[in-house]
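The values are calculated or read from the model by the stated rules, or taken from the named source; none is laboratory data. Predicted model only: the values in this text are computed from it and were never measured. Every residue, glycine among them, receives a Cβ derived from its backbone with ideal geometry; neighbour counts consider all protein chains shown.
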Amino acid sequence: MVLISRSAESLREAARMTEERGRGAVTARCHEMDLSDLDTVGDEFQSVLESSSRAGRYDSCLLVNNAGSVGPVGLASSLFSPGESNNMRELRRAVDLNVTSSIWISAQFTKKFLDSPSIACTSTAGSPLVRIVNTSSLCALEPFPTMSIYSAGKAGRDMFHRALAKEHSTDYSHEDSSSHPNGNRQGRRQMFKVLNYAPGLCDTQMSEYLADCAVLDEGLHEYYTKSKEDDKWIRPEDTAKKLIRIIDLDEFESGSHVDYWDV
Ligand SMILES: NC(=O)c1ccc[n+]([C@@H]2O[C@H](COP(=O)([O-])OP(=O)(O)OC[C@H]3O[C@@H](n4cnc5c(N)ncnc54)[C@H](OP(=O)(O)O)[C@@H]3O)[C@@H](O)[C@H]2O)c1
């Protein structure tokens, strides 16, 4: 398992937990990377892909494209004052991380493992199954006032991943379904599938930030604080387990948007 984020300490902790729960069957490798820095992300992510594809031959490869930020929060009309270049820089950083870098990562992952299968091919079926999860949000579908930048980014990300799914909708494996527990009814599996997964309102730093945010829309603010008081925030491990079940079953339609509460 390859883990990417900016903080070495949280990466180390995530790697420790991953290996502990993997009981010797999982090795975690960490890469400190600022995915909002477009001057470096291309080369750094490429080198992660190179080292990962050299590290073994794969039956399947899964990318969880999860990193994100809430970006500037507030009424759009009050976010940006003419002449204040900091506003523009903050907007650009949000788009660089939430849209540009996310698109880049999924596109390069697809290229490496789907379009060049000889580099990372499996010993059995010839090409690995490739799955991409884009961490989405209800904000991709519904406009959330004062979260317009976040909503726009999530909607853009969803649409990119829907289009990516469509580009590869006819790529099927050749092997018989009997070799796979999840083989589909036609006896073949889709080589490439993309899922836009909305994890629900989770107990994370992002939600804490929004619950404390003085400029968040009043109705949203009440929803965040009330659901926190009522202990309704979803534990990250619970939404992760649901996601794993969806991926394992492999019954989702490629490119679809699936919410924690849908299944
Ligand atoms: N929390 C919710 O209720 C909720 C609901 C729907 C969707 N989501 C989505 O779920 C995903 C995770 O959100 P979260 O709630 O866990 O937010 P979070 O607590 O703020 O965590 C964000 C994650 O992204 C990483 N990250 C942020 N900026 C980065 C950068 N520039 N480069 C590399 N990694 C970066 C962070 O690691 P480092 O800080 O170490 O870099 C961290 O792992 C996001 O896409 C978010 O939009 C969250």
Practice item. State whether one or more residues within the range 242-263 are farther than 15 Å from S136 by Cβ, within 13 Å of the ligand (Cβ to nearest atom) and surrounded by 11 or more Cβ atoms within 10 Å (Cβ to Cβ). Key: no
Check your understanding: L220: touching a strand residue (DSSP E or B) at 6+ places or on another chain (Cβ under 8 Å) and assigned to a helix (DSSP H, G or I), yes or no?
Key -> no
Practice item. Run down E90, E44 and say which single residue is of a type in the set (D, E, K, R), more than 12 Å from the ligand (Cβ to nearest atom) and more than 14 Å from the chain's Cα centre (by Cα). Key: E90
Review point. Taking the range 202-232 as the region of interest, how many residues are out of contact with any Ser or Thr (no Cβ under 6 Å at 6 or more places or on another chain) and crowded, with 18+ Cβ neighbours inside 10 Å?
Key: 2
Revision key, fill the gap. Output for Cβ contacts, cut-off 7 Å, separation at least six or different chains, first residue without any contact (Cβ under 8 Å) to a residue 12 or more places away in the chain in the range 1-19, second outside any helix (DSSP H, G or I) and more than 8 Å from the ligand (Cβ to nearest atom), reads E19/V26; E19/T27; E19/A28
Exercise for review: Looking only at the range 111-131, decide whether some residue is at pLDDT 95 or above, part of a loop (DSSP other than H, G, I, E, B), more than 11 Å from the ligand (Cβ to nearest atom) and over 14 Å from the mean Cα position of the chain (by Cα).
Suggested key: no
Study note, to complete from the structure: The residue from S60, S10, S69 that alone is surrounded by fewer than 14 Cβ atoms within 10 Å (Cβ to Cβ) and either at pLDDT below 95 or within 10 Å of the ligand (Cβ to nearest atom) (or both) is S10
Practice item. Kindly indicate whether R23 is more than 25 Å from L91 (Cβ to Cβ), at pLDDT 95 or above and away from the ligand (no atom under 14 Å from the Cβ). Key: no
